[in-house]
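Working notes, beginning with the structure itself.
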Amino acid sequence: LPTQLSIKPHETVTWINEDRGFHTVTTGYYDTPDGMLESDQIAASEKFSFTFNESGEFHYYCRLHPWMEGTIIVS
């Protein structure tokens, strides 16, 4: 996934783990997760999808690797 992705409301984003390690999708920032979105750990080759119904900018990161982050812009 690019570090920034623009979508329309009610569209679904799917994260695919193409790595060998586990990852998460967590909204907010490492020191201040916002609780809106928190995936379970995503294993290698697994997917996680979420439908963004509201407009806004949603920063996300991996709890296990907080330097892995991005923003979904819904407008």
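Which strands (runs of 3 or more DSSP E) does the stretch 7-54 wholly contain that include 3 or more residues that are of a type outside the set (Phe, Trp, Tyr) and under 15 Å from ILE72 (Cα atoms)? Walk me through how you get there before you give the answer.
On the way: elements: 11-16, 26-29, 32-38, 47-52.
Ranges flagged: 11-16, 26-29, 32-38.
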Confirm whether GLU46 is over 11 Å from the mean Cα position of the chain (by Cα), open to solvent by 80 Å² or more (accessible area, probe 1.4 Å) and under 23 Å from GLU18 (Cα atoms).
-> yes
Give the residue that is farthest from CYS62 (Cα to Cα), with candidates limited to residues of the stretch 7-43 that are exposed (fewer than 15 other Cβ atoms within 10 Å of the Cβ) and hydroxyl-bearing (Ser, Thr, Tyr).
-> THR12
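The values are calculated or read from the model by the stated rules, or taken from the named source; none is laboratory data. It should be emphasised that the depicted structure is a prediction, and the values quoted were computed from it without experimental measurement. Backbone-built Cβ (ideal geometry, glycine too); neighbour counts: all protein chains shown. Areas reflect the complete protein model, heavy atoms only, side chains present, ligands, DNA and RNA absent. Shrake-Rupley method; radii C 1.70, N 1.55, O 1.52, S 1.80 Å.
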